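I have placed the structure first, in the form of structure tokens, so that the comments after it can refer back to it.
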Amino acid sequence: MPASTSTDDRRGQLLEMIRQRGFASLPDLATELAVSESTIRRDLDYLEDSGTAQRTHGGVFYTGPSPKLAHFDTRQASEWEKKRQIAAAAAKLIGDGDTVLLDGGSTTYELAQQLVGRPLQVVTNSLPVATLLSASDTIDLVLIGGYIHSRTGVSLGPYANDMLNDLNVRRAVLSVAGVNERGFYNSNLLLVETERAMMQSADEVIIVADSTKFGHTSLAHLCDLSRPDRIVVDHGIHPEWKAHLKAAGVDVVSAGMEIQPATTKSTDPPDPQPPSQNP
């Protein structure tokens, strides 16, 4: 077998081991693959360059594509790069030491990957997010319980809502399925109830949504356009939608731009109200 094929096979095995565990130590990986730690380091350098792993003190975290759930498979492929850009911008809004609540959307999963290794308290109702962050010794993790929705891997319902009612977080980061002039929408009635409880528990509410969500609705209305403090979007958002959001008092953060964390909702005078018809 050619050496390059052997290397590819080993790196494939290495990545699968990290993916299944979420976190793995270098000595354990070297022992199980029967290679030297220097070889493992070279392989991890390759995986880091490909964006599927991130080295940290004592080991490596998996940071590859989202879990194989229907929710991720149907929503991630075509807009994955936009989601990554939005996640990177949202990560800059979160300060070390913050208490952050993350829902179970594909964009918030990308954000969770950005937060690996940072000193944070994270509250989530997402099993994929919790699995990703559970091995990080810098993150205090709280998993919300309740009914588990098999398509998304998130906990919903009255048990989840009751637990959220007893919590307070600095920032809640939520994803949505649609946005129009009436506000924000998601596709599951139980999810919307739980996300409302999430918003109630947070000092600051941040929505993450790619530009394809604008001008569309979904099954359940989550909140009015003015309810979030911030929304993080990609550069594909239409200028009139930016005007709509700013007129509603929402701080609009464009992915890729330099941003500074803010502690309160923007108090700048709103832009003139754009035409009422959909952009």
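The values are calculated or read from the model by the stated rules, or taken from the named source; none is laboratory data. Remember, predicted model here, so these are calculated numbers, not experimental data. So basically every Cβ, Gly included, is an ideal-geometry build from the backbone, and we count neighbours across all protein chains shown.
Of note:
- Summed over the range 14-58, residues that are touching a strand residue (DSSP E or B) at 6+ places or on another chain (Cβ under 7 Å) and either at positive phi or of a type in the set (Asp, Glu) (or both) total 3.
- Condition met for Asp162 (modelled with pLDDT of 95 or more, of a type in the set (D, E, K, R) and either buried (at least 22 other Cβ atoms within 10 Å of the Cβ) or in the same structural domain as Glu193 (by TED's automatic domain parsing) (or both)): yes
- If only residues of the range 183-192 that are assigned to a helix (DSSP H, G or I) and free of Cβ contacts under 8 Å to residues at least 40 places away in the same chain are counted, the one that is nearest to the chain's Cα centre (by Cα) is Val192.
- Restricted to the range 113-154, and to residues there that are under 20 Å from Gly97 (Cβ atoms), out of contact with any Ser or Thr (no Cβ under 7 Å at 6 or more places or on another chain) and among the charged types (D, E, K, R), the residue that is modelled with the lowest pLDDT is Asp137.
- Here Pro128 meets the list (1) out of contact with any Leu (no Cβ under 9 Å at 6 or more places or on another chain); (2) in contact (Cβ under 8 Å) with a residue 60 or more places away in the chain almost entirely, failing just condition (1).
- The set of residues from the range 193-248 being assigned to a strand (DSSP E or B) and among the small types (Gly, Ala, Ser) comprises Ala202, Ala220.
- Flag if Val253 is β-branched (Val, Ile, Thr), out of contact with any Pro (no Cβ under 7 Å at 6 or more places or on another chain), surrounded by fewer than 23 Cβ atoms within 10 Å (Cβ to Cβ) and under 19 Å from Ile86 (Cα atoms): yes
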